[in-house]
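A short worksheet on the structure shown next.
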Amino acid sequence: MVVWTRAVVRTWRCRPTNFSRAFSEKLPTPEAKGRNVQWVFLGCPGVGKGTYAARLSKLLGVPHIATGDLVRQQLSSHGPLALKLVDIVSQGQLISDEIVIDLLSKRLEAGEAKGEIGFILDGFPRTIRQAEILEGVTDIDLVINLKLREDALIAKCLGRRTCSECGGNYNVACIDMKGDDGETRMYMPPLLPPPHCETKLITRSDDTENVVKERLRIYHETSKPVEDFYRKRDKLLEFDLPGGIPESWPKLLQALNVYDDEDKKSAAA
């Protein structure tokens, strides 16, 4: 069961110890699972956008839409657009904003036809131009910008592993470090594979420290205008992850004024 508390939404920076400010639109009333939530998750590569977006998608009863998945679906469809995408990718070019927005628009239209009444976008828009185009396609209620200190983020990226057989994603990094105040502890346990996947783990070729740092540098350069775009519209929530999922998830729900009754029951069991 999901319970929403009533609040007013404003742009604010949410640290683990401060949840006192609110947003500009009223969050839905209790028993509002499946309401018209139209949210976006932003954040550096490897921060966990997909993980938290997927959890909220299930909790709120709205689809989790990642534009990368839409592109991969098209690539496997063998249609006219698939051939064009294969040519673009094989030449190492970026897929144009128009193609991505077209795929997203069709996905949203298909969802509406099936009765879907909301969505959570994962990692899109990434540029100010994409944000401007998206604004003409659909209304966004809230943009959740996940943040994690850079040393923890680099360690997390370097620990990523994928099973070459089943495709499962895991992380062998155990992050245990002191906070900026020298006292607060940040702990993110590893996400280890089951025994039958242990000998089949592979590392992404671009998950090296230099590549990860360059990826983060580029992301920060391009993301700031997007953050400012939504900040000016009173739609940006900046959330600093205090640790791993067990610690961050309930605090993120608190920041969003969402109560997960099932999660509380599991914790009490």
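The values are calculated or read from the model by the stated rules, or taken from the named source; none is laboratory data. For clarity, every value in this text was computed on a predicted model and none was experimentally measured. Areas reflect the complete protein model, heavy atoms only, side chains present, ligands, DNA and RNA absent. Shrake-Rupley method; radii C 1.70, N 1.55, O 1.52, S 1.80 Å.
Laid out as a table, the results:
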item	result
Solvent-accessible area per residue, Å², over region 64-119 with all protein chains present [probe radius 1.4 Å]	62
Carbon + sulfur, % of accessible area of region 159-213 - ligands and nucleic acids excluded, 1.4 Å	51
Percent breakdown of C-alpha pair distances by 5 Å bin, ordered from the shortest bin, for region 120-269	2, 7, 13, 15, 17, 19, 15, 9, 3, 1
Over region 132-176, volume per residue of the alpha carbon convex hull, in Å³	157
Largest-first ordering by accessible area, 1.4 Å probe, given options TYR259, TYR219, TYR52	TYR259, TYR219, TYR52
Rg(Cα)/(2.2 N^0.38 Å) for region 35-90, N = residue count	1.41
Estimated vicinal HN-Hα couplings, Hz - region 120-129 in sequence order (Karplus 6.51, -1.76, 1.60; Gly, Pro = x)	10, 8, 10, x, 9, x, 10, 10, 5, 5
Region 103-205: C-alpha gyration tensor shape, a/c 1.5 cut-off, then a/b vs b/c	oblate
Whole-Hz couplings from phi, Karplus 6.51/-1.76/1.60, listed for region 66-75; x for Gly and Pro	10, 5, x, 5, 4, 5, 5, 4, 5, 4
